[in-house]
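Engineer: One structure, as structure tokens, below. Some questions next.
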Amino acid sequence: MGKGKKYNPNSPEAVFKRLYGVNPGTFDKMLEILQKEYDKIHKAGGSPPKLTVKDKLTATLKYLREYRTMESIGADYGVSKSTICESIQWVENTLKKDKTFKLPGKKVLKETSDTVQYMIVDVIESPIQRPKKGQKAYYSGKKNAIP
């Protein structure tokens, strides 16, 4: 905040930053970089995209900020999980390639040896497909039976 400005938590800029994790100016700069790259790739035309460049950026920021699954973000935009995954990868790779924004790498924790670093891993349980009880009576365990 500049000198003389009082922080207003209800201002549009503060709400935007809470939602997306970046300031509106930073968001606009990211969008400009992504739009230039998108226009360069698709200058010959092609089929209409499932997501706009702005949607790809907001989906990426939601994924990074809220730790939501790609499937739930895809449901918000009416696209598949794989479309969201491809969009997130494209946004991250394009912003890294531009080098305007410096994203810390995975080696950041390894480089600092004097201080103790902690890493918190969010592990979500997922169901495992297992044979139903009683299936053993119908299945001998052989893959190919010899007649």
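Each reported figure results from applying straightforward, stated rules to the coordinates on display, with no laboratory input. It should be emphasised that the depicted structure is a prediction, and the values quoted were computed from it without experimental measurement. Here the Cβ positions follow ideal geometry from the backbone for every residue, glycine too, while neighbour counts run over all protein chains shown.
Engineer: Out of curiosity, is Ser80 touching a helix residue (DSSP H, G or I) at 6+ places or on another chain (Cβ under 6 Å), farther than 19 Å from Phe16 by Cβ and surrounded by fewer than 18 Cβ atoms within 10 Å (Cβ to Cβ)?
Structural biologist: It is true that Ser80 is touching a helix residue (DSSP H, G or I) at 6+ places or on another chain (Cβ under 6 Å), farther than 19 Å from Phe16 by Cβ and surrounded by fewer than 18 Cβ atoms within 10 Å (Cβ to Cβ).
Engineer: Pairs under 7 Å by beta carbon, first residue in contact (Cβ under 8 Å) with a residue 40 or more places away in the chain in the range 65-92, partner part of a loop (DSSP other than H, G, I, E, B) and surrounded by fewer than 13 Cβ atoms within 10 Å (Cβ to Cβ), six or more apart or different chains?
Structural biologist: Tyr67/Asp122
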